[in-house]
Every structure is written in C-alpha cells, then in structure tokens.
Amino acid sequence: MKTTVVNIVTPDGPVYDSAAAMVSVRATSGEMGILPGHIPTVAPLAIGIVRVKTADNKTELVAVTGGFVEIRPEQVTILSPSAEVAEDIDLARAKEALKRAEQRLQAKKDGIDVKRAELALNRAINRINVKEGNI
Amino acid sequence: MATLREVKQRINSTKSTSKITQAMHLVSSSKMARAERNAKKYVPYMNKIQDVVAAIANGTAASHPMLVERPVKKTAYIVIASDRGLAGAFNTNSIRKAITAMEDRNQSKDQAVIFAVGRMASEFFTKQGYNVVDSEIGLPDQPAFADIKRIARTAVGMFTDGQIDEVVMCYAHFENAVSQVFMERKLLPITDIAPATTNASYEFEPSGEEILEVLLPQYAESLVYGALLDAKASEHAARMTAMKNATDNAKELINDLTVLYNRARQAAITQEITEIVAGAAALE
C-alpha cells in the first residue's frame, strides 16, 4: 500500500512523525482528504483535528490550532503554533479551559476580547474531542 | 597591617561567596545546555516555514503589506534582555544595541516604540522616558512559544495597522558558550526571503494572498520566538562566564589573603619572641 510521510511541527519541536495511508485535515476552505501522490499544495488550517489513517488501518488523532499544511506527493507537513496528539492531552485541563472560556463569553463584560474568548473556546472543544475520540 | 582576625574573616567571607558563584556557574551551565537543545528543536519548524514562505513569495505574484517597505516614520524595537543581573554585560549590551540602532536611524525618543522582554530592558527604557508599549517580564528559563505570542502578536498587529513602519529585534545571538554576538535584525517588513530551495510549484488553496495572510504573521511570530530562544541560550552562557570569572577571582583573592594572613601571623610570633628576649635581657 502506498503511504505518505506525515510530519507535524510546532515551534516547540516536532509533535508527530509517521507514515500514513491517508490524512484528513480541516482547511479554512473546508475538509481536505490527502492521499499519497497528491499534487503540491499549500492551505491554511482552521482549529481542528488532523486524522491520520495508518497503513494498518488504525486512525490517529492530533489536535492542531491553526497553521497550515504543505503537501508534496510523498510528504505532508503541518506547521502549527501548537499541536497535541491524543495521548498527550490533559483532559482535566482542557475542560477547565472550556469552562473559563464559556464563563468569559457569558459574562460579556466590556473590554473582553470576544474573538479571543471564542478562539480559546474552540481550542478547548477541539482538544476534548480529540481526547475522547469524537470525530 | 590588618589584624589576624580581620584577615581570617575576609578569607572566610570570600570563601562562602565563591561557593555561591561556583553553584551559580554550574546551574547556568546546565540551563545553557537545555536552552541550546530547545533552540535546536525549533530549527525544523523554522526551516520548513522559511521554505514555504520562499516558495510562495517567489512563485506567485501575490503581495502582502508585510512584504512591502514603506517610508519609516516610527520604528518598533523588540529588545530582549533578562530579568536578572549577574550576567556580565549581557543586559547592557542588548540595550546598547537598541540605542545604537536608534542612533543609526537618527531617531528621537518619540520615533521609537519599545517592546521590552525582560525586566532589565523594561525598567531601563521606562526610566529613560521611552515609549514602552508592552513588556514581558518573568519568562521561564526555558520559554515555550505561547509565552512570547502575546508580545509578538501586538508588534505584528501594530505594523499591519500602520502605527509603526518597521520592527527591529535587538538580542544576543548564541554562537558558543564563550561568545555571543549582539545583533539587530529587521523583523518587518520581511525583505530577506531566501530563494526557494524546493522547485515544487504549489497549488494554493484558496489563493496565494489568503495563505500569505495566515502565513506571514505566523512567520514573524516564530522569528520572535527564535530570537528569544537564541537570547536565552546567550543569557545562560553569559551568566556562566560571569560566574566562572567571579569564582576564579575569589580563588585568587583567597590565595592573596592567605599569604597576608601567614605573614601577619609570622610577624606576631616574631614580635612576641623579640619582646621575650628583650624582657630577659633587661633582667640581666
């Protein structure tokens, strides 16, 4: 079976590196499925889940917070400000962050950055989804 | 001549100082090793992002405000120093680099905007009456990307809003454990894009412009993070050297004082003998 190498890199170091039969990412323009031999492409990513289907048909999930994907026929590189594989996610902390972001949005006080709170909310939901495997 | 007791006291206090500097030397050297490793971990990300920026900037007609030079009315300086002293001339040199950069551009205080990283830089520029818009104090010794994101984003945002026309970073580049080079580096506008290393021509989804929109701020932010990692490694190296020198000086001082102590002790003994002999002679 043909595979492509998937690298997920953040400023704090590489997070994920493995061979995959298929990768799906959430680009800003919509969901994107990448198979080996894809034409070279660059696309920005939304906060979302990267699903990697390995050669032995297992699915691995990685939470990414934006960034972009660079696709070459034999290699897929995802560059993101931060990324976490499911095993590394601290569920309690993610839920804490979710609660904080919700409170901040509900309070709707002047001077809070609604957009930032929404982003924080999305990041927290995304991490919880990855950890619990809800796709 | 100093009395025996005074000299003894000085020897003891110098000894305990040298113990502290010795310990600080060891702590800094292990921190430096870790900072160096962190800086290495960051390299793949930087290389990759540079590749992609180069591929897009060279491969398409897409343009972006962050790539365009405009007449400079105001410059922002991101000065990276440390929170604590005892690092030799590390803080002074970083700050001086920023001042030199301003002088080179013939800028007055109100044409400069300061982003200070580290308490030393923040306090200096505030005291001197510069416009310090943002400062980041209390960064950990091994900072993560999230720690610097806020200040980097503010700087990039002010540039895109047109409040500033140029962003310069002043920091210490880590060459090796004994040498750090203090440098200024232009962050924005981005003009020093390397020629593309890959000859792949990319498809852009949705378009080149929109990718630059996402990519360039991320690129600039990661450059700031890179500079911070570099500066942190330099800081630990500088502190290590400073503490090594302090320990060596303390040892030298202890040696000198020991000689002095022995001489004083000998003089005291000689005097005592002389007195006894003189006393005995007087009785005869």
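The values are calculated or read from the model by the stated rules, or taken from the named source; none is laboratory data. Note that the structure is a prediction, hence the values are computed from the model and not measured. Here the Cβ is made from the backbone with ideal geometry for all residues, glycine too, and neighbour counts use every protein chain on show. Side chains included, ligands, DNA and RNA excluded: accessible areas come from the protein's heavy atoms. Shrake-Rupley method; radii C 1.70, N 1.55, O 1.52, S 1.80 Å.
A straight chain from residue B:276 to residue B:58 at 0.36 nm per residue would run longer than the Cα-Cα distance by 68.9 nm. Note on B:130-141: average number of Cβ atoms from other chains within 10 Å of each residue's Cβ is 0. Span-like helix check, chain B: qualifying full DSSP H segments, with Cα axial length of 18 Å or more and mean Kyte-Doolittle of 0.0 or more, are B:145-160, B:208-283. Cross-link partners for residue B:15 among the lysines, with Cα-Cα distance under 16 Å and sequence neighbours closer than 8 places in the same chain left out: B:244, B:251.
Take the stretch B:19-171 with all the other protein chains still there, run a 1.4 Å probe, and you get 46 Å² of accessible area per residue.
Once a ≥ b ≥ c are taken as the square roots of the eigenvalues of the Cα gyration tensor of the protein assembly as shown, is the result rounded (a/c under 1.5), prolate (a/b larger than b/c) or oblate (a/b not larger than b/c)? Here the protein assembly as shown falls in the prolate category. The residues B:236, A:38, sorted by heavy-atom accessible surface at 1.4 Å with ligands and nucleic acids left out, run A:38, B:236 from largest to smallest. Dipole check for the protein assembly as shown: with +1 at the C-beta of Lys and Arg, -1 at the C-beta of Asp and Glu, and the Cα centre as origin, the magnitude is about 960 Debye. Rounded to the nearest 500, the 222 nm mean residue ellipticity of chain B from helices alone is -22000 deg cm²/dmol, with -39,500 (n - 2.57) taken per DSSP H run of at least 4 residues. If the elastic network links every pair of Cα atoms under 10 Å, which of B:52, B:167, B:72 fluctuates the most in the Gaussian network model of chain B? Looking only at B:52, B:167, B:72, the largest GNM fluctuation is found for B:72. Each Lys or Arg adds one and each Asp or Glu subtracts one; over the other residues with Cβ under 11 Å from the Cβ of residue A:97, this totals +4.
Calculated accessible area for chain A comes out at 51 Å² per residue, all protein chains present (probe 1.4 Å; ligands, DNA, RNA ignored).
Could you look at the stretch B:1-45 and say what percent of its accessible area is carbon and sulfur, using a 1.4 Å probe and all protein chains? Result for the stretch B:1-45: 59 percent of the exposed heavy-atom area is carbon or sulfur. Overall shape: oblate for the stretch B:12-85, with the ratio a/c of the largest to smallest alpha carbon gyration tensor axis at 1.5 or above and b/c at least equal to a/b. Tell me the angle of helix A:114-132 to the major Cα principal axis of chain A, expressed in degrees between 0 and 90 and rounded to the nearest ten. Once rounded, one gets 50 degrees. Computed from point charges on the beta carbon alone (+1 for Lys and Arg, -1 for Asp and Glu), the dipole magnitude for chain A about its Cα centre is near 460 Debye. Shielding of peptide B:204-213 by partners, expressed as the average count of other chain Cβ atoms within 10 Å per residue Cβ, is 4. Any aspartates and glutamates with Cα under 16 Å of the residue B:8 Cα? List them, leaving off those in the same chain fewer than 8 positions away. Cross-link targets: B:252, B:256. When the pairs B:41/B:74; B:40/B:97; B:40/B:127; B:40/B:73; B:74/B:149 are compared against a 29 Å limit on Cα-Cα distance, B:41/B:74; B:40/B:127; B:40/B:73 fall above it. Packing order of peptides B:159-166, B:118-125, highest average first: B:118-125, B:159-166 (average count of other Cβ atoms within 10 Å over each peptide's residues).
Annotation: lysines with alpha-carbon distance below 22 angstrom to residue A:53 (same-chain offsets under eight excluded): A:2, A:131. For chain A, the longest principal axis of the alpha carbon atoms and the long axis of helix A:91-107 meet at an angle near 50°. Separation of the stretch A:1-28 from the stretch B:69-98 is 38 Å, based on Cα centroids. If you build a Gaussian network model of chain B, linking Cα atoms that sit under 10 Å apart, which residue out of B:217, B:71, B:189 swings the most? Evaluated over chain B, the most mobile residue of the options is B:71.
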